[in-house]
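A short worksheet on the structure shown next.
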2 protein chains.
Amino acid sequence: MEKKTKRTKQSINREELESRILRSAEALFAEKGYSGSSMEAIAMSANISKQNLIYYFPNKELLYQRVLKEMLDIWIEKLSFLEAHGDTPEAVIRRYVHEKMQLSRLYPNGSKVFAHEIISGAPVLKEYLISHLKPQFDRDVEIVKSWINKGLIQNVDPEHLFFTIWAATQTYADFSVQMEVLLGRTKLDENDFSRAEEAVTSFVMRAIGAKKNNE
Amino acid sequence: MEKKTKRTKQSINREELESRILRSAEALFAEKGYSGSSMEAIAMSANISKQNLIYYFPNKELLYQRVLKEMLDIWIEKLSFLEAHGDTPEAVIRRYVHEKMQLSRLYPNGSKVFAHEIISGAPVLKEYLISHLKPQFDRDVEIVKSWINKGLIQNVDPEHLFFTIWAATQTYADFSVQMEVLLGRTKLDENDFSRAEEAVTSFVMRAIGAKKNNE
DNA sequence: GAATGACTTGTCTTAACGGTCAGCAATAAG
DNA sequence: CTTATTGCTGACCGTTAAGACAAGTCATTC
């Protein structure tokens, strides 16, 4: 059970506790929003005292930013997207949709916190969107344009292609409750997600004019 | 004990003021969420005193429900969707996408409040989703299935077709800030929405296998 | 095994929030 | 005009929130 590292028992505990706090905070922010989540409630959910929570995260705003940053780090890592691959456009986009869908399935709470933030006008993330997301978006749009110019895919609107992919995948995290009701589930399971991914992938493939090899 | 609604000067004022309050509340709920919007802030935004606001809406929860209800009424009215028309599936779906897109453009705040609510697990609306939305959804899904069986459209996953359409259209209300950043706009204008609608419509048309007449 | 620094908690302050209530002001009805 | 109803306000209250602070506990290092 002990780790053979230079890390002390304390620092290991710290890491463990920090991430437990972050997960608790993420869940609460997702469900109740920023203002609706009190530090005390977050502390209780992480099974520590409020004062101890404040010791680890000196204020709520900072905790919120850390939760957002954690999610964004994961997204950036998983969605380097169009970066250099000898793959065909279809393969690239197929993989992109797959990754995005996985993220909705694996990190629904982070996704919801992000959604709340953007819907609220991105008071915290706006700068990040401008400095990080837009440049990457512009590059990716250019790549899609070049595919179109080379006749590799149909003539689609590149910007709105991305918007639609994002929306169609993210909705399985953010609006999961609505889908659970409509599909008559208590929770979306593996199977639902796999059907969803197939459906979305199929839509996108048709949109870009790919020959579907799976139907 | 029936109330006669006479159109006195007072009652006219009342209506005007009530809807002003609702608009203010809607905007604030959209931006700050339920907990983040104080009654005092809503009152200030509507240019009345907090006590006066409470006179019109005796508590916050009720005000919130009224805001949601207003939005849902509009949606239901506009999205009777597949109800009886001699139109082709393509025409019906095209109109559906158009209506949904219009709603995102005309009622972005209501849409955002709804989004916050669903993302938060629909604590207020869950019952409504079960009792109203699901039956309509089931009917609409059946219609799409029948179209497929008659060979009128491609074999798509009906449930997820709706989810994708909803997500792809609603995103233009909920995530407008993100798009503004990415498209380099300060506000999405008429033109952006028209491009967006074309793009989304085009995607959906291809997804259901309609021959597009403009490419 | 004591000093040191990391961790944890109890108590308190200050501010904001939702909501009440008594009474005043404006309008409508008789 | 008089009265009843409706609309509105100032003062106030109980609760909860974020966070400050001091004091205590525990693990690590010397």
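Could you work out how far helix A:190-207 tilts from the main Cα principal axis of chain A, as a 0 to 90 degree angle to the nearest 10?
Approximately 40 degrees, to the nearest ten.
In Å, what is the Rg of the alpha-carbon atoms in the protein assembly as shown, and how long is Dmax?
23.3, 82
Report, in degrees rounded to the nearest 10, the 0 to 90 angle that the Cα long axis of helix A:89-106 makes with the longest principal axis of chain A.
30
What is the packing order of peptides B:121-131, B:182-192, A:33-43, taking the mean over residues of other C-beta atoms within 10 Å and listing the highest first?
For the peptides B:121-131, B:182-192, A:33-43, the packing ranking is A:33-43, B:121-131, B:182-192.
Could you tell me what fraction of 2.2 N^0.38 Å the Cα radius of gyration of region B:10-58 comes to, as a two-decimal ratio?
1.07
Quick check for you: with a 1.4 Å probe and neighbouring chains kept, what is the accessible area per residue of chain A, in Å²?
For chain A, the solvent-accessible area averages 51 Å² per residue.
Counting residues in chain A as N, plug N into 2.2 N^0.38 Å and put the Cα Rg over that result.
Relative to the 2.2 N^0.38 Å estimate, chain A comes out at 1.18.
Chains B and A: buried accessible surface, both sides, probe 1.4 Å, rounded to 100 Å²?
So the total buried area for this chain pair works out to about 4700 Å².
Within 9 Å, Cβ to Cβ, of A:Ala115, how many net charges do the neighbouring residues add up to if Lys/Arg are +1 and Asp/Glu are -1?
Here the count lands on -2.
From the label point of A:Glu77, set 7 Å from Cα along Cα→Cβ, how far away are the matching label points in the other copies, in nm, ordered shortest to longest?
Shortest to longest, the spacings are 5.0 nm.
Residues of A:147-159, mean number of Cβ from any other protein chain within 10 Å of their own Cβ, rounded to a whole number?
So the per-residue partner count for this stretch is 2.
What nm distances, shortest first, do you get from the label point of A:Gly121 to those in the other copies when the point sits 7 angstrom along Cα to Cβ?
Counterpart label points of A:Gly121 in the remaining copies fall at 2.8 nm.
Once the convex hull of the C-alpha atoms of region B:74-181 is built, how many Å³ does it hold per residue, rounded to a whole number?
So the per-residue hull volume is 112 Å³.
If each label sits 7 angstrom from Cα along the C-beta direction, how far apart, in nm, is B:Asn191 from its counterparts in the other copies?
For B:Asn191, the inter-copy label distances come out at 5.0 nm.
Return the average number of partner chain Cβ atoms within 10 angstrom of each residue Cβ along peptide A:188-198.
For this peptide, the per-residue mean of nearby foreign Cβ atoms is 1.
If you fit an axis through the alpha-carbon atoms of helix A:60-78 and take the longest principal axis of the Cα set of chain A, what angle between them do you get, 0 to 90°, nearest 10?
That works out to roughly 40 degrees.
The values are calculated or read from the model by the stated rules, or taken from the named source; none is laboratory data. Given the structure is predicted, the values throughout are model-derived calculations rather than measurements. Every residue, glycine among them, receives a Cβ derived from its backbone with ideal geometry; neighbour counts consider all protein chains shown. When the accessible area is computed, the model is the full protein with side chains, heavy atoms only, and any ligands, DNA or RNA have been set aside. Shrake-Rupley method; radii C 1.70, N 1.55, O 1.52, S 1.80 Å.
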